[in-house]
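Chemist: A single structure is presented below for examination.
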Amino acid sequence: QVQLVESGGGSVQSGGSLRLSCAASRSLYRPNTMEWYRQAPGKQRELVAAISSVDSTNYLDSVKGRFTISRDNAKNTMFLQMNSLKPEDTAVYYCRIRSTTYDYWGQGTQVTVSS
């Protein structure tokens, strides 16, 4: 079983930055898609950003221009650089790596943005 280990969450003031990381416990067969989701209290989980094996990316409209997703295939790791953070970005952030044959989720990391 593959584990995804997330790190980089925390508390920051509005306008600040955080960088989330998600590392897989072993190499994963490609092609795959790496994704970041978030879930705020009382809300549904939503897709924040995704990156394909050919580095094609897409973003939730509300984070475009502020968040950047990237991946390091050699290290089986994905990242989410979050700049200009807003209180509405507060949520538990989850990473996900999926393909046609597997689908793994991280345990979640809390991001709290205070005004």
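The values are calculated or read from the model by the stated rules, or taken from the named source; none is laboratory data. Bear in mind that the values here come from a model prediction, so they are computed numbers and not experimental data. Glycine also receives a Cβ, built like all others from the backbone with ideal geometry; neighbour counts cover every protein chain displayed. We work out accessible area using only protein heavy atoms, side chains counted, and drop any ligands, DNA or RNA first. Shrake-Rupley method; radii C 1.70, N 1.55, O 1.52, S 1.80 Å.
Chemist: Apply the Karplus curve 6.51 cos²θ - 1.76 cosθ + 1.60, θ = phi - 60°, to the phi angles in region 28-33 and return the couplings in whole Hz, x for Gly and Pro.
Modeler: 10, 5, 10, x, 8, 10
Chemist: Still on this structure: Take the Cβ-Cβ distance between Gln3 and Gln81 as r, set R0 to 22 Å, and report the resulting FRET efficiency rounded to the nearest 0.05.
Modeler: E(calc), rounded to 0.05, equals 0.45.
Chemist: If region 1-106 were replaced by its equivalent ellipsoid, with semi-axes equal to the square roots of 5 times the Cα gyration tensor eigenvalues, what would those be, largest first, whole Å?
Modeler: Values for region 1-106, descending: 23, 14, 13 Å.
Chemist: Have a look at Thr100, Thr68, Thr77 and tell me which one the Gaussian network model of the chain (Cα, springs below 10 Å) gives the largest fluctuation.
Modeler: Looking only at Thr100, Thr68, Thr77, the biggest GNM fluctuation is shown by Thr100.
Chemist: How do Asp55, Asp103, Asp61, Asp72 rank by accessible surface area computed with a 1.4 Å probe, from largest to smallest?
Modeler: Asp61, Asp55, Asp103, Asp72
Chemist: When Lys and Arg each count +1 and Asp and Glu each count -1, what net charge do the other residues less than 15 Å away from Ser17, Cβ to Cβ, add up to?
Modeler: Within the 15 Å Cβ shell, the charges total +2.
Chemist: Separate question: Using 0.36 nm per residue, how much length does the chain from Asp103 to Ser52 gain when fully extended, once their Cα-Cα distance is taken away?
Modeler: 16.9 nm
Chemist: How many angstrom separate the Cα center of region 18-38 from the Cα center of region 51-115?
Modeler: So the separation of the two Cα centres works out to 8 Å.
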